[in-house]
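Everything on this sheet refers to the single structure shown next.
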Amino acid sequence: MTSTGFAQRLGLRLQAHPVWSSVGLALLAALVTMGGSALLGVLTPSLPGYSTTGLSQSLLLVVVLTVLLVALVAALRWGQFAGFTRPSDWRHPRLYWLPAVLLVVPLLGGVRWPGWAAAGVLVVGYACTGVFEEGLYRGVILGLLRTLGTWPAVLLSSLLFGLAHLVNLGLRGMSVLVALQVLGAVSQGVGLAALRLRTNTIWPLVAFHALNDLGLQLGVWPVAAVAAPLDVAMLGYGIYLLRRPTEGL
């Protein structure tokens, strides 16, 4: 069997079982993260699990996950399916007005410049995070779940997105912040999924995700205190956009 034939069969199998496929892909990403963290802990015990100033396990792992996701989407030829559409296929770009406004909020109190080296680490890390998390959860997984209906797809993909942040327990240790991340990701996920469905593209979401994470780190206010209201705003916006589930989808 050729590689192309295998990829086609795999794509059909994934689409035939959307829920199990989505859960399986999310679990696979978590296993790669946890297994990779354990391996890096053995090979490079001095490497921190998470850092905003230099090389860390989380940075290396998100780069690996991004490469794997891009390879999967390319192999399955799921660019369109996952929302990596051309600008000519985009719909209602005006709906991104709220995310654009929210990007400014973390910086209203001022900017905390970490230095060029640390800034470079943050840019690379959050750019990869945007591609990987949006590509997987609002791209592949939401694409698979759309056959269930709009709200089931949005809620399940958002729940999986939130639970995925539990892997941070291994990278950052036990922390209330991880629990807040889970709740925040579920809330934000509803808004992001709604935008994906209403606009027929994932590219602006990748940019918003990366810039939002970067802004939270560069702002002078505590990340959790700023992220919480932004996540609630995205949840409300998502509910508003999907008040008529079939409109524009």
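Report whether or not Trp97 is touching a Ser or Thr at 6+ places or on another chain (Cβ under 6 Å), open to solvent by 60 Å² or more (accessible area, probe 1.4 Å) and over 30 Å from Pro48 (Cβ atoms). First the steps, then the outcome.
Details: touching a Ser or Thr at 6+ places or on another chain (Cβ under 6 Å): no; open to solvent by 60 Å² or more (accessible area, probe 1.4 Å): yes; over 30 Å from Pro48 (Cβ atoms): yes.
Criteria not met by Trp97.
So Ala228 ticks every box in (1) free of Cβ contacts under 8 Å to residues at least 40 places away in the same chain; (2) open to solvent by 30 Å² or more (accessible area, probe 1.4 Å) but one. Which box is left unticked?
(1)
Quick check: anything in the stretch 42-52 in contact with a Pro (Cβ under 8 Å, 6 or more places away or on another chain) and open to solvent by 20 Å² or more (accessible area, probe 1.4 Å)?
From the stretch 42-52, those in contact with a Pro (Cβ under 8 Å, 6 or more places away or on another chain) are 52; that's our starting set.
Still in the list and also open to solvent by 20 Å² or more (accessible area, probe 1.4 Å): 52.
Checked against the condition, which is being in contact with a Pro (Cβ under 8 Å, 6 or more places away or on another chain) and open to solvent by 20 Å² or more (accessible area, probe 1.4 Å), the stretch 42-52 yields at least one hit.
Taking Leu145 and the conditions (1) modelled with pLDDT under 95; (2) assigned to a helix (DSSP H, G or I); (3) more than 13 Å from the chain's Cα centre (by Cα), which numbered condition does it fall short on, given that it satisfies the others?
Of everything listed in (1) modelled with pLDDT under 95; (2) assigned to a helix (DSSP H, G or I); (3) more than 13 Å from the chain's Cα centre (by Cα), Leu145 misses just condition (1).
For the stretch 194-221, which positions are assigned to a loop (DSSP other than H, G, I, E, B) and either open to solvent by 20 Å² or more (accessible area, probe 1.4 Å) or touching a Lys or Arg at 6+ places or on another chain (Cβ under 7 Å) (or both)? If you could, list the steps in order and put the result at the bottom.
Just the residues of the stretch 194-221 that are assigned to a loop (DSSP other than H, G, I, E, B), to begin with: 200-202, 220-221.
Scanning the stretch 194-221 gives Asn200, Ile202, Val220, Trp221.
Suppose we filter Val73, Val62, Val111, Val123 for residues that are open to solvent by 60 Å² or more (accessible area, probe 1.4 Å) and under 20 Å from the mean Cα position of the chain (by Cα); which single one remains? Reasoning before the result, please.
On the way: Val73 fails: open to solvent by 60 Å² or more (accessible area, probe 1.4 Å); Val62 fails: open to solvent by 60 Å² or more (accessible area, probe 1.4 Å); Val111 fails: under 20 Å from the mean Cα position of the chain (by Cα).
Within the list Val73, Val62, Val111, Val123, the selection yields Val123.
The values are calculated or read from the model by the stated rules, or taken from the named source; none is laboratory data. All of these numbers come straight from a predicted model, not from anything done at the bench. For neighbour counting, all protein chains shown are included, and Cβ atoms are generated from backbone atoms with ideal geometry for every residue, glycine included. What goes into the accessible areas is simple: the full protein's heavy atoms, side chains included, and nothing from ligands, DNA or RNA. Shrake-Rupley method; radii C 1.70, N 1.55, O 1.52, S 1.80 Å.
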